[in-house]
Structure formats: structure tokens, C-alpha cells
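K.L.:
Below is one structure. I have some questions about it.
Here, each number is a calculation from the coordinates, and none is a lab measurement. Values in this document were obtained by computation on a predicted structure and should not be read as measured data. Note that each Cβ is placed from the backbone with ideal geometry, even for glycine, and that neighbours are counted across all protein chains shown.
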Amino acid sequence: METEDLARFDECVRAVREGRELNPSELLEAGRLLREMIEAAATVAAHVRTEVKALPTRYVLRDRIGDPDPGARLAEVLHRTQLIEDLLQKAEFQAGRSHATLGRIGVQTNPDANESPAIS
């Protein structure tokens, strides 16, 4: 993910928070950025899972609340990070499909609407 893409995603988030309407090209760009951000998050989730899995080989682990089996906590974290990873991969696929489909929609200005485009 490029720094420029992060800045564009931040701009998109600000526009949404402000309630600003997005024009068709901005919507297409937002879809692309959304897919890339989800892909990056999935990559981070996979790395977190790998690092958590390696913890017992690097450190002596103990449970902070007295559970005699910190491995059970690790198993829970591994399970949850796998779920996160799976959900993000599904979301990335759907975001990519939505972006591609949106790119196939032609638009033209609707003279009868208040600056809202009509789908053609």
C-alpha cells in the first residue's frame, strides 16, 4: 500500500464523515481503496497470527490472571485471528467485485435532479 493511497483513503473517510456526496469517479476510487485497505488488514492479521504462534518458542509465557495454561489463551487468540483473517479475505473479494461492477456502470448528469447523476 502506497503512502499516496493511505492519504487518499483518509480523504475518503473525511468526506464520508462530513456527509459529502461522492461523484462516480470518487466512488470508483473509494471502492479500489477499500479493497486495498482490506487486503492490507488481512496481511497484518496473517502476520499477527504467525507471530502469536511463534511466541512460545521465543518467550516463557504465563497467564496474568493465574490460569495454569497460557497455551489455552494462545489457542483462543489464534482462533480469533484466523476468523478475522477469513472475514477480511471474504470482504476483500466482495470489495473487489463491487469495485469492478461499479466500474461497469455508465453515468450521465440527470438534468431533472439536484446535481445527482442518473445511472444509464
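K.L.:
Using a 10 angstrom cutoff on alpha carbons, build the Gaussian network for the chain and name the most mobile of 91, 75, 40.
P.N.:
Largest GNM mean-square fluctuation: 75.
K.L.:
So what's the angle, to the nearest 10 degrees on a 0 to 90 scale, between helix 70-102 and the longest Cα principal axis of the chain?
P.N.:
It is inclined by approximately 10 degrees.
K.L.:
Something else about it: Return the calculated 222 nm mean residue ellipticity for the chain, to the nearest 500 deg cm²/dmol, obtained by summing -39500 (n - 2.57) across DSSP H runs with n ≥ 4 and dividing by the residue count.
P.N.:
Theoretical 222 nm ellipticity from helices: -25000 deg cm²/dmol.
K.L.:
Another question, if that's okay. Neighbouring Cβ atoms within 10 Å as the yardstick, rank 81, 109 fewest first.
P.N.:
109, 81
K.L.:
With charges only on Cβ, +1 for K and R and -1 for D and E, what is the dipole size of the chain about its Cα centre, in debye, rounded to 20?
P.N.:
500
K.L.:
For residue 105 and residue 79, FRET efficiency with R0 = 41 Å and r from the beta-carbon atoms, rounded to 0.05?
P.N.:
0.55
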